[in-house]
Amino acid sequence: MYLGIISAMPDEIHSVLDSMTDVTTTTHGNRTFHKGNLYNKPVVLVFSNWGKVAAAITTTQLIESFKVNKIVFTGVAGALQEHLNIGDVVVGTHLYQHDMDARPLFKQFEIPIIKKTAFKTNATVTQQLRMASEKYLESFSNNLDTTFTKEFGITNPKTYYGGIASGDQFISSVQKIEELNISLPDALCVEMEGAAVAQVCYDYKIDFGIIRTISDKAKENASIDFQKFAKIIASKYALGILKIFLS
Ligand code: ADE
């Protein structure tokens, strides 16, 4: 059985793909799937595209066409809480769709029909990702290459474990962070795909885990931080954590 790896960042896709062997690449439905081995484990790697609809389409294709039995998602996210810093990793335990609001028919954040406000990640996959992230960040800190980390202020990155909020919005305002802190107080970070992937995995009963590296603080300068960070740091993290996760 294949592990599906979905990444939200083209830079991450390139670095993981460079480490894969026996790769067969196919394209359909506007998505490019790379099937092969990563650290001797069979995987299918694909770029999610951005936003909840795009990520749900990618996930459905991955499950239907490649029969993966497990999916791991990697990408970057904006911090929703002050104690999180750029370079920290959030391992998701549950995911919300922060822009789902069908009130007064359903309560805020509840997904109609399936009656869920949060999707839990698979406990075993999540524990393995947590251990992989902790181990990776420990060696990353011990071998800190300041030519890469200095401009982001990364000194001692940590792994956090908790809620993730997904929505079709790039968040770059303190006011929006404050609103989310009130409505979803246990969400650690914000991004644009995770809960959609989680919903598809819930429907298909596929084990799902997610890691998100904090690229910005979702404040006014978020878009500048985010693009630089993705290029320089996120790709290293994704590959490093996946290597430990697969071994
Ligand atoms: N992904 C990375 N940073 C983000 C932000 N600030 N808002 C939404 N998605 C993100």
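How much of the accessible area of region 3-246, probe 1.4 Å, is carbon plus sulfur, in whole percent?
The C+S portion of the solvent-accessible surface of region 3-246 is 53 percent.
Going by average Cβ neighbours within 10 Å, how do the peptides 240-246, 75-81 rank, with the highest at the top?
75-81, 240-246
Would you mind telling me the antiparallel percentage of the DSSP bridges in the chain, rounded to 5?
Taking every DSSP beta bridge with both residues in the chain, the antiparallel ones total about 40 percent.
Starting from 0.36 nm per residue, how many nanometres of slack lie between residue 168 and residue 83 once their C-alpha separation is accounted for?
Separation in residues times 0.36 nm, less the Cα-Cα distance, equals 28.2 nm.
Considering all projection directions equally, how large on average is the shadow of the alpha-carbon convex hull of region 133-196, in square nanometres?
Average projection, Cα convex hull of region 133-196: 5.6 nm².
If you put +1 on each Lys and Arg Cβ and -1 on each Asp and Glu Cβ, how big is the dipole of the chain around its Cα centre, in Debye rounded to 20?
580 debye
With every protein chain kept in place and ligands, DNA and RNA left out, what is the accessible area per residue of the chain? Probe 1.4 Å, answer in Å².
45 Å²
Could you tell me the convex hull volume per residue, in Å³, taken over the Cα atoms of the chain?
114 Å³
What is the spin-label model distance, in nm, from residue 69 to residue 1 if the labels are put 7 Å beyond Cα along the C-beta direction?
Distance between label points: 0.3 nm.
Sequence neighbours fewer than 8 away in the same chain don't count; with that in mind, list the lysines whose C-alpha is under 23 Å from residue 135.
Excluding near neighbours in sequence, the set is 41, 70, 150, 158, 231, 236, 243.
The values are calculated or read from the model by the stated rules, or taken from the named source; none is laboratory data. Keep in mind that what you see is a predicted model, and the values were worked out from it rather than measured. Positions of Cβ are generated from backbone atoms using ideal geometry, with glycine treated the same way; all protein chains shown enter the neighbour counts. To get the accessible areas, we keep the full protein, side chains included, count just its heavy atoms, and leave off ligands, DNA and RNA. Shrake-Rupley method; radii C 1.70, N 1.55, O 1.52, S 1.80 Å.
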